[in-house]
Amino acid sequence: MAGYSGKKIRLGEALVLSNTITEEQLQQALEQQRGTGKRLGEILIDQGLITEELIAQVLSAQLGYPIVELSNIDIPPEVKGLVPTSVLKKKKILPIEYAENNMNILRVVMADPLDMDAMDDVSIITGCQVEPLIATPRNIMMAIDRLYGSTEVASALEKYAEERFGTQEEDESVNEDINNSPIVVLVKEMIEKAARQRASDIHIEPLEKSVRIRYRIDGALYEKAQYDIKILPALSARIKIIGGMDISEKRKPQDGRITQMVDRTEYDIRVSVLPTIYGEKTVMRLASKTALNREKSQLGLKPNEMAQFDHILKNPHGILLVTGPTGSGKSTTLYTALSELNTEDVNIITVEDPVEANIDGINQVHVNPKADLTFASALRSILRQDPDIIMIGEIRDQETASIAVQASITGHLVVSTLHTNSSSSTITRLEDMGIEPYLIADSIVGVIAQRLVRRLCPACKQPRLATEEEKELMGCKLDEDVTIYEPAGCIQCDNMGYKGRIGVYEILEMTPTLKRIISKGGNADEIKDQAMKDGMHTLKMSATEYVLNGITAFSEMMKVSFDI
């Protein structure tokens, strides 16, 4: 085996030798490992001591095996079918090619190149000697999904369709064999693939003759598969079982929840089932517990916006509102603000519908209208709990708004969300809800309007000169050449042209002049004009900056600016 040092080295040893962890940390992890049956690497990652990438680098340095980039790898057909997919997934390995001029040596990418059992299995199955290469477990699983996913699921479903529907008419009541393995596999694989591809939602849509599967990635829907319509009843029933819904009810909409681990990250999945003319349409919304708890620096705030954000959060009392349409990242911003404020000397209480992520040290209340626990009634109880900071999931009505205002005036910091288009229209929305202008001026300390735009894939974005019309819309000088970038599409971004999203912000910070305008009942335009004089950048200005810096495309900027 090329590159192998000849000496059996253990992962723990390698990590200590490279000064990645201390001997003491290794002993503690080994102690913890004894009762769990988990791998040492997993325990060290769970403890936050190392990352998958770091393990790969240490093993590569210690053993001399190269790290392989799998995002754009293509495997020759003669290698692709050598090892069953089930073995690849179980062992987290991926054969990629034969060694140069030697068909007896197979180059295999491994998450753990010290796993002798995996090497032996591959040798027995293929009759080849194994030359190990290294990649992270997540990258290997994503590559297996990309290269083997569709064929694996398709063959399982074909088998299922033959067994189930061989000669008989389609039968709606699939309850008795709903745990039939292919359907269980399909649902599990669907969620895993979606999570690895950064999807926020999975749409399972019945059409006339087929079931269409689409993933929402970075805010846009992409078709990922089509299956025979005959599997729909079994598919819906399986999702209802794991989502805790009524399997026999097919005429009413239903909601449920699923928790699933994908690559050792826990995903909380909200499920909605809706009857349509061709059968039940299911949408699963994926949220990882860690995705909402992110560092402030990861929100995409520019340095000047970060300074404003910090300044607003320093207020001991008042209301901070985060506004924008559904899916614009409001919850992430709120949770980030709460994590920032979450210190030992403050009492933070939230009231949410539903609680989207659990944060240690924060008391979170889940709204339950059936038990008369609404936003308003929960808030009244919360005020008797000696809070310093209150988070309200959403201000939906006049009652909630007025309690929030009262709470802020009596010395609490209140953070919440509202569905409005811009920061200035948020003020007038509160007036429309029946809150007195002088109370709004007195209580609001800041409003953050936000959107998300897709980031252009850095590997394939194409430069071009902006047209006259585009320059005019971006506020650029018409007599100067302006370079902007367009999406193209490559293997790294799954031919989407985009990879990830970034926040666009409009931060209105309360000033004495603004207070006077709001107290007198000024309209949204007057508020906006004054805020801009005070240094506010509008959503359009922030998005234009991203276009000129080549971070996003002009079309994405127009989506953000359209309703403003």
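The values are calculated or read from the model by the stated rules, or taken from the named source; none is laboratory data. Bear in mind that the values here come from a model prediction, so they are computed numbers and not experimental data. Every residue, glycine as well, gets a Cβ built from its backbone with ideal geometry; the counts of neighbours run over all protein chains shown. Areas reflect the complete protein model, heavy atoms only, side chains present, ligands, DNA and RNA absent. Shrake-Rupley method; radii C 1.70, N 1.55, O 1.52, S 1.80 Å.
Mind checking whether some residue in the range 319-326 is in contact with a helix residue (DSSP H, G or I) (Cβ under 9 Å, 6 or more places away or on another chain) and open to solvent by 20 Å² or more (accessible area, probe 1.4 Å)?
Of the residues in the range 319-326, the ones in contact with a helix residue (DSSP H, G or I) (Cβ under 9 Å, 6 or more places away or on another chain) are 319-324.
So of that shortlist, the ones also open to solvent by 20 Å² or more (accessible area, probe 1.4 Å) come out as none.
Scanning the range 319-326, I find no residue that is in contact with a helix residue (DSSP H, G or I) (Cβ under 9 Å, 6 or more places away or on another chain) and open to solvent by 20 Å² or more (accessible area, probe 1.4 Å), so the answer is no.
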- Query: If you go through the range 418-448, how many residues are part of a loop (DSSP other than H, G, I, E, B) and either among the hydroxyl-bearing types (Ser, Thr, Tyr) or on the phi > 0 side of the Ramachandran plot (or both)?
  - Reply: 3
- Message: Looking at 266, 280 in this structure, which one is open to solvent by 60 Å² or more (accessible area, probe 1.4 Å), closer than 21 Å to residue 186 by Cα, touching a residue at least 12 places away in the same chain (Cβ under 8 Å) and part of a strand (DSSP E or B)?
- Response: 266
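Please verify whether residue 394 is among the charged types (D, E, K, R), touching a strand residue (DSSP E or B) at 6+ places or on another chain (Cβ under 9 Å), crowded, with 16+ Cβ neighbours inside 10 Å and assigned to a loop (DSSP other than H, G, I, E, B), treating the condition exactly as stated. Break it down stepwise before answering.
Working: among the charged types (D, E, K, R): yes; touching a strand residue (DSSP E or B) at 6+ places or on another chain (Cβ under 9 Å): yes; crowded, with 16+ Cβ neighbours inside 10 Å: yes; assigned to a loop (DSSP other than H, G, I, E, B): yes.
Judged against the criteria, residue 394 is a match.
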- Return only the number of the condition from (1) more than 28 Å from residue 454 (Cβ to Cβ); (2) in a strand (DSSP E or B); (3) out of contact with any Asp or Glu (no Cβ under 6 Å at 6 or more places or on another chain) that residue 273 does not satisfy. (3)
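Looking only at the range 480-527, filter to residues that are outside any strand (DSSP E or B) and on the phi > 0 side of the Ramachandran plot; which one of those is surrounded by the most Cβ atoms within 10 Å (Cβ to Cβ)? Steps first, answer last, please.
Our first condition is that a residue be outside any strand (DSSP E or B); within the range 480-527, this holds for 480-482, 487-497, 510-527.
From what's left, on the phi > 0 side of the Ramachandran plot: 489, 494-495, 497, 521.
Numbers: 489: 16, 494: 16, 495: 13, 497: 19, 521: 14.
Step by step, filter the range 480-527, then rank; the result is 497.
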- Item | Options 137, 84, 132, 76; residue that is open to solvent by 10 Å² or more (accessible area, probe 1.4 Å) and either touching a Cys at 6+ places or on another chain (Cβ under 6 Å) or closer than 21 Å to residue 14 by Cα (or both) | 137
- Message: Regarding the range 343-355, can at least one residue be identified that is hydrophobic (A, V, I, L, M, F, W, C) and in contact (Cβ under 8 Å) with a residue 60 or more places away in the chain?
- Response: no
- Pair list, Cβ < 7 Å and 6+ apart or interchain, from the range 458-476 residues that are farther than 23 Å from residue 499 by Cβ and open to solvent by 60 Å² or more (accessible area, probe 1.4 Å) to residues that are part of a helix (DSSP H, G or I) and not hydrophobic (A, V, I, L, M, F, W, C): 475/544
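Is it the case that residue 97 is at pLDDT below 70 and either open to solvent by 50 Å² or more (accessible area, probe 1.4 Å) or closer than 24 Å to residue 77 by Cα (or both)?
So residue 97 does not fit the description; no.
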- Message: Looking at residue 406 and the list (1) polar (S, T, N, Q); (2) in a loop (DSSP other than H, G, I, E, B); (3) open to solvent by 50 Å² or more (accessible area, probe 1.4 Å), which single condition is not satisfied?
- Response: (2)
- Message: Need pairs with beta-carbon distance below 9 Å; first residue charged (D, E, K, R) and within the range 542-554, second modelled with pLDDT under 90; sequence gap 6+ or separate chains.
- Response: 545/302
